[in-house]
1. Filter the range 150-173 for residues that are assigned to a helix (DSSP H, G or I) and touching a Phe, Trp or Tyr at 6+ places or on another chain (Cβ under 8 Å) and give the result.
2. Examine the range 392-407 for a residue that is more than 23 Å from residue 260 (Cα to Cα), touching a residue at least 24 places away in the same chain (Cβ under 8 Å) and either among the hydroxyl-bearing types (Ser, Thr, Tyr) or not assigned by TED's automatic domain parsing to the domain that holds residue 298 (or both), and state whether such a residue exists.
3. Only one of these is touching a strand residue (DSSP E or B) at 6+ places or on another chain (Cβ under 9 Å) and either under 25 Å from residue 88 (Cβ atoms) or assigned by TED's automatic domain parsing to the domain that holds residue 104 (or both): 235, 284. Name it.
4. How about the range 203-241: which of its residues are within 17 Å of residue 43 (Cα to Cα), in a loop (DSSP other than H, G, I, E, B) and under 21 Å from the mean Cα position of the chain (by Cα)?
5. Where residues in the range 373-409 are of a type in the set (Gly, Ala, Ser) and within 16 Å of residue 296 (Cβ to Cβ), which of them is surrounded by the most Cβ atoms within 10 Å (Cβ to Cβ)?
6. Could you identify the single residue in 335, 339, 304 that is more than 17 Å from the chain's Cα centre (by Cα) and free of Cβ contacts under 8 Å to residues at least 40 places away in the same chain?
7. Given the criterion crowded, with 17+ Cβ neighbours inside 10 Å and over 24 Å from residue 287 (Cα atoms), identify the matching residue among 361, 414.
8. Against the condition touching a strand residue (DSSP E or B) at 6+ places or on another chain (Cβ under 7 Å), closer than 21 Å to residue 240 by Cβ and buried (at least 18 other Cβ atoms within 10 Å of the Cβ), how does residue 76 come out, does it pass?
Amino acid sequence: MTADNPQRVVVTGLGVLAPNAHGIAAFERALRDGRSGIRFRPELADLGFGCQVASVPEDLDDLRDRYFDPAAQLGMDRYTVMGCIAGRDSWEDACLSIAPDSTDWETSIVFGSGIGGLETAGKVLVPMTDSARVRRLGSTVPERVMSSAVSARLGGLLGAGGQVTSNSSACSTSTESIINGYWTIREGRAARVLAGGCEGDSPYIWAGFDGMRVLSRNFNRAPEQASRPLSATAGGFVPASGAGAVLLESLESARRRGAPSYAEVCGAAVNCGGQRNGGTMTAGNPEGVRRCIHSAIESAGIAPTEIDLISGHLTATQGDCIEVRNWRCALGLPPDRFPFLTAPKSLIGHALGAAGAIECVACILQLQRNFIHPSLNCEDLHPDLEWCDKFIPRACVDCEIQVVAKASFGFGDVNSCILFRKFHS
């Protein structure tokens with residue numbers, strides 16, 4: 001395909017391992033029901049964390065044994081296990097098979113993590129190195145800690161012969177990975193891209209954020225109330241883990257094999273605010289955020305009024321009000337014409353590099369099945385957001401949706417925004 005005639009890109013497979021559900025059917029039910037995945041974590045209390053709640057997929061050890069043989073598990077950190085479960089689920093959901101003796105030259109993989117194999121580094125690599133037991137480390141530690149472990153493992157699992165790579169852009173990681181996959185197919189460099197992200201459930205990952213005092217610490221005895229995006233009593237984000245995966249495919253390829261489509265990717269943008277104009281390592285340049293949103297809409301060739309739902313980044317920090325203000329400025333709509341707004345992290349916490357992918361799966365399900373999941377714990381809406389109160393559902397809403405916008409923002413002043421549209425042949 002040429003730049004003047006790019007491929008249309010559709011979603012033909014979904015996979016999710018979220019703190020409140022594993023699998024598409026269970027995840028849809030959890031979204032509709034507004035079911036929280038946040039629980040008290042006694043090990044965090046024992047370690048002296050101010051935040052003693054987290055949002056972690058259940059039964060991971062049993063799932064690991066179901067999906068992988070013992071030999072494979074030796075070379076997998078927990079973040080890789082999560083990513084490979086979601087990735088394999090997405091592949092199978094797209095009705096694709098695995099040929100053990102051949103290479104699929106038309107498939108690429110872009111699968112990222114914000115932190116990577118820090119659990120293995122903290123529990124194995126560092127203590128054994130410091131105690132002069134290097135010779136007893138074994139041969140699997142490098143593949144457990146390397147930042148490309150998840151994409152490499154998926155590449156071998158599926159026999160992918162296109163580009164197999166991992167990206168890392170803080171909390172923007174997996175939205176960016178899906179965007180990179182979208183661009184790859186539009187440019188004709190692959191027929192399919194398995195894209196997504198994953199993050200592990202280690203105190204070594206969360207400790208730095210607890211030290212920054214950006215984690216929720218006022219609801220340790222009421223875990224389901226701890227994640228409070230858009231709320232006047234928001235006190236920080238709830239750490240989470242999990243994985244989300246999206247199988248992107250050219251419309252031509254999907255039609256050739258008779259695969260149904262969940263949705264179409266109609267536009268996307270990625271940028272950085274350059275840590276200028278108020279932007280820092282931990283805060284966004286408002287102009288960069290607005291430009292990213294505007295560029296995504298422009299690339300989709302739609303008007304802001306065509307967006308029915310915004311799935312916000314909305315972490316339950318002081319950035320929530322700034323984010324909503326940036327959306328309002330970027331869209332240029334009057335207050336009475338704003339889209340519906342949801343805060344998925346109110347249900348699942350903030351899974352860092354996995355957040356965008358899990359939330360993109362939620363977006364696609366809502367788009368295809370015509371519902372909007374509730375946002376929890378924002379009954380006491382922040383005073384600065386009272387103007388958009390009627391656009392924030394507190395219970396599941398059944399309604400027709402045509403376009404969903406999903407944005408993610410990360411440390412380093414990095415931004416990503418992707419637009420999904422209901423598929424029409």
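1. 150, 151, 154, 158
2. Checked against the condition, which is being more than 23 Å from residue 260 (Cα to Cα), touching a residue at least 24 places away in the same chain (Cβ under 8 Å) and either among the hydroxyl-bearing types (Ser, Thr, Tyr) or not assigned by TED's automatic domain parsing to the domain that holds residue 298 (or both), the range 392-407 yields no hits at all.
3. Exactly one of 235, 284 is touching a strand residue (DSSP E or B) at 6+ places or on another chain (Cβ under 9 Å) and either under 25 Å from residue 88 (Cβ atoms) or assigned by TED's automatic domain parsing to the domain that holds residue 104 (or both), namely 235.
4. If the condition is that a residue be within 17 Å of residue 43 (Cα to Cα), in a loop (DSSP other than H, G, I, E, B) and under 21 Å from the mean Cα position of the chain (by Cα), then 216, 238, 241 are the ones that fit.
5. 408
6. Exactly one of 335, 339, 304 is more than 17 Å from the chain's Cα centre (by Cα) and free of Cβ contacts under 8 Å to residues at least 40 places away in the same chain, namely 304.
7. Matching residue, one of 361, 414: 361.
8. no
The values are calculated or read from the model by the stated rules, or taken from the named source; none is laboratory data. Fair warning: this is a prediction, and the values are worked out from it, not measured in the lab. Positions of Cβ are generated from backbone atoms using ideal geometry, with glycine treated the same way; all protein chains shown enter the neighbour counts.
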